[in-house]
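Structure record follows, encoded as structure tokens.
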Amino acid sequence: MKLSILENETDNDKSKRAFASRIISAYPGLIQLYAFVRFKIIHIRFLEEIEQYLPNRGEILDLGCGFGLFAMYIALCKPEAQIIGLDHDARRLQMARDAAAKLGIRNVSFRQEDLRAWRPDQVIAGAYALDVFHHIPPASGDRLLCDLFAHIEPGGRFLLKDIDTLPRGMLWFTYLLDALMSPRDDFHYRSAGAWQRQLSASGFAPIHLHYLWDILPYPHILLICDKPAREGIADDR
Ligand SMILES: C[S@@+](CC[C@H](N)C(=O)[O-])C[C@H]1O[C@@H](n2cnc3c(N)ncnc32)[C@H](O)[C@@H]1O
């Protein structure tokens, strides 16, 4: 029996991997290890999936950006966009700013905001939240989804990457790691169906649900949520 594998890595694949390596190397000590692990969990294939649905231009919010790894990654992938990372953790944000300055990434910035109370005050081209909404109490999260819908420009998009509640073993695994990383937080997981219903109630349509299966035991889900373009206006994302 013969096995033949045709490897055809493109320059694009190589440059995306190089982006990740540069970003990881910009952090000090243990955070570098965290960044390395985070890029294994949300790896290049997932990031390519996520990145392709975001607009190429305009202001894009990274809600709950943490140390800024993926805000910088998206900024490198989309040089004509402005990525704005929001998080309530001042220490993480300072590390994000230091790393962006070290790498000379100019189209990313970071602001301290508590997403439970924060309200957008400008029109934005798009937004995404990677593993953040389950840190936010449902009432605040639901209000935030409505505010996002109101402030995303017609034809814009919101991506919600979170965790499904099934299979239960994977949910428990995720919970243990969440509790380890954020011991002071409460966690509010919702099923894929519950997210779809809430996003729909916030106004987004259509909503596409993707299950991001992996060998690592995380029940990743990605919801791609559109704000319809105004009738008669071309959708140029
Ligand atoms: C699991 S981490 C994900 C970080 C980043 N999105 C990533 O994928 O690496 C969750 C992040 O949400 C942030 N967070 C939790 N509750 C928040 C709140 N109420 N307001 C702003 N950020 C919050 C935490 O500080 C943390 O950085």
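The values are calculated or read from the model by the stated rules, or taken from the named source; none is laboratory data. Quick caveat, the model's predicted, so the values are computed rather than measured. Using ideal geometry, Cβ is built from the backbone for each residue, glycine included, and neighbour counts are taken over all protein chains shown. Accessible surface is based on the protein model in full, side chains and every heavy atom, while ligands, DNA and RNA are left aside. Shrake-Rupley method; radii C 1.70, N 1.55, O 1.52, S 1.80 Å.
Here are the numbers:
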| read-out | value |
| --- | --- |
| Which numbered condition Pro154 fails, given (1) loosely packed, with under 14 Cβ neighbours inside 10 Å; (2) over 16 Å from Val123 (Cα atoms) | (2) |
| Helices (runs of 4 or more DSSP H) wholly inside region 19-132 that include at least 1 residues being within 14 Å of the ligand (Cβ to nearest atom), among the aromatic types (Phe, Trp, Tyr) and touching a strand residue (DSSP E or B) at 6+ places or on another chain (Cβ under 8 Å) | 44-52, 69-77 |
| Some residue of region 78-93 being over 30 Å from Pro228 (Cα atoms) and open to solvent by 60 Å² or more (accessible area, probe 1.4 Å) | yes |
| Single condition Ile74 does not satisfy, out of (1) more than 19 Å from Ala20 (Cα to Cα); (2) within 17 Å of the chain's Cα centre (by Cα) | (1) |
| Matching option when the condition is modelled with pLDDT of 90 or more, away from the ligand (no atom under 16 Å from the Cβ) and open to solvent by less than 50 Å² (accessible area, probe 1.4 Å), among Gly169, Gly193 | Gly193 |
| Residues being surrounded by 15 or more Cβ atoms within 10 Å (Cβ to Cβ) and in a loop (DSSP other than H, G, I, E, B) - total across region 172-190 | 2 |
| Number of positions in region 149-173 that are touching a helix residue (DSSP H, G or I) at 6+ places or on another chain (Cβ under 9 Å) and in contact (Cβ under 8 Å) with a residue 60 or more places away in the chain | 6 |
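Conditions (1) within 16 Å of the ligand (Cβ to nearest atom); (2) in contact with a strand residue (DSSP E or B) (Cβ under 8 Å, 6 or more places away or on another chain), marked per residue:
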position: Arg184; (1), (2): yes, no
position: Phe187; (1), (2): yes, no
position: Gln198; (1), (2): no, no
position: Tyr218; (1), (2): yes, yes
